[in-house]
Amino acid sequence: MTAITDREKLNYVAAQAADARLNIELETEGMTLNIGPQHPVTHGTLRIVAKLDGEQVIAAEPLAGYMHRGYEKLTEVRTYPQVTTLVNRIDWLGSFANEVPFILAAEQLMEVEAPERAQWIRTILFEMSRLGHMIMFLGDMGVQVGGLTAIFYAFRDREFVLNQIEAVTGGRFHPNFDRIGGLLDDLPKGWIAETKQAMEKVRSFCDEMDDLLLGNEIFQERTRGIGVIPPDVALQYGLSGANARASGIDWDIRRDNNVGLVYDKLDWKVWTHPDGDSFARYWVRLQETREATRMIDQLCDGIPSGPIMAKVPRIIKVPAGEAYVATENPLGEMGYHIVSKGDLMPFRVKIRSASFNNVSIAPWLLRGVYVPDIVSIMASLYFILGDIDK
């Protein structure tokens, strides 16, 4: 065997030292990854600052406020009828549903009750707003895990719902249709039959999502056991709506604290799921979409005749006092706390929007996940940035 020369020993030592220096140079405390403030998964303008160890998230912080529009202060310089034009833009996919809790709170202060027919039509349009919202979620969730097909189905079938909303209100996204004491107008001729046909199309869409996504192995791998929210944590962060029900919390304002709508006249079910993961949040919303179509069918069949507007003063001046009304909006609990000094405009308005709580849990929820899961988890929480940056 050839003896190792001194030169070879020195070369070996030098090589080992070079490797050691390289390893030291590559060691870092972690990389900071900015997602946003322009990113398609966020449905608006949000920035997430994630600190990484390799591909694993050590810490993540959502930075909201990029599109703050000051709705709560803007309501103080608008008359009560003008406020609906503002608030239906907070959650821009929620359309009519945004207006309802504000109108109900104002009606409480004025001690006015809308006629029964108006209450039924309000409930129909409220649930149709939910459908327009949830159809977008059900299709868009596929995009966030790499499946593009579902979103095209969503765009196609959501049109049937928006067409019916537009036929009544004249607006597809911002109807400005609700009024203190009732509604702006009645239903057009033939609308009920067309709506029931649209509900059949939405149910077919839900069946397609069952096949395309829920039954897809890749979708299940990307969502099952990912982003798990235990029920106690969901309550601590004030989650509501489908995000809470997907963690097994059996709470729905429509059933448990209904104000001014006719859910107590309907036969329907509150859907929950015990797993609390991204898959559960998708599954619950899919079931709630189907349930909403059945509720609208019942409402269309049972809608009473009569007026759609109560007697209210021509100039709306709300008596002094305070009122808070919350409804089960598509994203969760949405409430308005109105403080009136007896003027034409509210003195103060506090808006409780669901999306703020939905995104607030992100620092707790994203710790320890991998980078691709940030996108799917945030998509499953489902929030609208206008609803956060109100």
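The values are calculated or read from the model by the stated rules, or taken from the named source; none is laboratory data. Given the structure is predicted, the values throughout are model-derived calculations rather than measurements. Virtual Cβ from ideal backbone geometry, glycine too; neighbours counted across all protein chains shown. Protein only, heavy atoms only, side chains kept; ligands, DNA and RNA dropped before computing areas. Shrake-Rupley method; radii C 1.70, N 1.55, O 1.52, S 1.80 Å.
For the reader, a short list of remarks on this structure follows.
- Label zone at residue 56, where the point sits 7 Å out along the Cα-to-Cβ direction: the range 351-390 residues whose backbone N lies under 11 Å: 368-370
- Listed values for the range 232-249 are Karplus-derived 3J(HN,Hα) couplings in whole Hz (6.51 cos²θ - 1.76 cosθ + 1.60, θ = phi - 60°), namely 5, 5, 4, 5, 4, 8, x, 5, 9, x, 5, 4, 6, 5, 6, 9, x, 8, and x replaces Gly and Pro.
- In the range 230-290, the trypsin sites (Lys or Arg not before Pro) that fall in loop regions by DSSP, at most 14 other Cβ within 10 Å: 269
- Accessible carbon and sulfur surface of the range 97-212 relative to its total accessible area, %, 1.4 Å: 49
- Loop trypsin sites (Lys or Arg not before Pro), the range 303-367 (other Cβ atoms within 10 Å of the site Cβ: 12 or fewer; DSSP): 311, 314, 341
- Ordering 334, 235, 175 by the projection of their Cα atoms onto the charge dipole of the chain, which places +1 on the Cβ of Lys and Arg and -1 on the Cβ of Asp and Glu, puts 175 at the extreme positive end.
- Computed from the C-beta positions of residue 63 and residue 371, the FRET efficiency with R₀ = 22 Å rounds to 0.80.
- Dipole axis of the chain (+1 Lys, Arg; -1 Asp, Glu on Cβ), positive-most option in 165, 388, 112: 112
- Taken as Cα centroids, the range 357-390 and the range 242-266 sit 23 Å apart, rounded to the nearest whole angstrom.
- Its Cα centre serving as origin, the range 322-385 has a Cβ charge dipole (Lys and Arg +1, Asp and Glu -1) of approximately 180 debye.
- Distance between the C-alpha centres of the range 126-188 and the range 216-238: 26 Å, rounded to the whole angstrom.
- Label reach from residue 152 (point 7 Å along Cα→C-beta): in the range 177-209, amide nitrogens under 17 Å belong to 205, 208-209.
- Computed label-point distance, nm, for sites residue 224 and residue 339 using a 7 Å Cα→Cβ extension: 5.1
- Ligands, DNA and RNA are left out, and with a 1.4 angstrom probe the accessible area of the chain is 44 Å² per residue.
- A Cβ-based charge dipole, computed about the Cα centre of the range 200-253 with Lys and Arg at +1 and Asp and Glu at -1, lands at about 200 debye.
- Counting only protein heavy atoms and a probe of 1.4 Å, the accessible surface of the range 311-354 is 56% carbon and sulfur.
- Rounded to the nearest 20 debye, dipole of the range 142-196 from Cβ charges on Lys, Arg, Asp, Glu: 120
- Cα-based shape type of the range 293-385, given that a ≥ b ≥ c are square roots of the gyration tensor eigenvalues and the cut on a/c is 1.5: oblate
- Between 0 and 90°, nearest 10: helix 96-110 axis offset from the chain longest Cα axis: 50
- Think of the chain as having a plus end and a minus end, set by charges on the Cβ of Lys, Arg, Asp and Glu; of 123, 358, 209, 123 sits farthest toward the positive end of this dipole.
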